[in-house]
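The structure appears right after this line, and notes come after that.
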Amino acid sequence: MKCPACRDVNNHVIDSRLGKDGDVIRRRRECEHCGRRFTTYERVEEYLPSIVKKDGRREPFDRQKVLAGLTKACEKRPVATEVIAKSADDIERGLLERGEKEVPSSVVGEAIMKMLHDLDTVAYVRFASVYRSFQDIDEFMEELEDLLKERRGSVKLEKQPSKPAAGARAKKRGARGRSGARPV
Ligand SMILES: [Zn+2]
């Protein structure tokens, strides 16, 4: 993408908008050499990012997979099929607008969770409980508590008695420094 003024190829994107039909993306760019701003219209296909999985493998973004995840989470919930389809579109659009060649799979997971959070509590919890179990269960419980607090309003959740932090235990063990002497 050359600057129309100085032909320099180095520029950065200031703003990205997906066209109404979803097949063209309009970008405002700024030349890093002369500062000239210009607009490009790009075919969307070129910008669907690869999804980088946790093990480092890459796969093409699959809208169908996102749709299946949303549908599964919303099973037997009062969420219309069209709403689910629109959510999948919104997630795809969000990825396109990032304009990156590669996106970690966690970005897609988080986008699905955010979408479900707004759609249906049960669907959100279903998805999150599966999704988060591969990541951080404490974080999930926090989210869940916040979510329930939010939805129930005045109803208070009982706080779990706090356990000693893992860091503190590790420190203690380190201080003892003797094998077999497990602090309780
Ligand atoms: Zn320039």
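Overview of results
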| quantity | calculated |
| --- | --- |
| Inter-part distance where segment 8-66 and segment 94-118 are each reduced to a Cα centre, Å | 14 |
| Peptide ranges 64-75, 92-103 listed from the most packed, as the mean C-beta count within 10 angstrom indicates | 64-75, 92-103 |
| Spin-label pair residue 20/residue 54, simplified geometry with 7 Å Cα→Cβ offset, distance in nm | 4.3 |
| Placed amide H near residue 11: partners under 5 Å, 5+ positions off or other chain | 32 |
| Links that overshoot a 27 Å alpha carbon limit, given the list 54/101; 2/65; 2/114; 2/54; 20/54; 53/76 | 2/65; 2/114; 2/54; 20/54; 53/76 |
| Under-5 Å amide H pairs with residue 50, H placed in peptide plane, nonlocal only | 102, 103 |
| Using θ = phi - 60° and Karplus 6.51 cos²θ - 1.76 cosθ + 1.60, couplings along segment 84-92 (whole Hz; Gly, Pro as x) | 5, 4, 5, 4, 4, 4, 5, 5, 4 |
| Using θ = phi - 60° and Karplus 6.51 cos²θ - 1.76 cosθ + 1.60, couplings along segment 97-109 (whole Hz; Gly, Pro as x) | 6, 5, x, 9, 6, 9, 9, x, 4, 4, 5, 5, x |
| In sequence order, calculated HN-Hα J values of segment 6-15 (Karplus, 6.51, -1.76, 1.60; Hz; x Gly/Pro) | 10, 6, 5, 8, 8, 8, 10, 7, 9, 7 |
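Read-outs: derived from the displayed coordinates by stated rules, not from any lab. Owing to the predicted nature of the structure, the values given are computational and were not obtained by experimental measurement. Backbone-built Cβ (ideal geometry, glycine too); neighbour counts: all protein chains shown.
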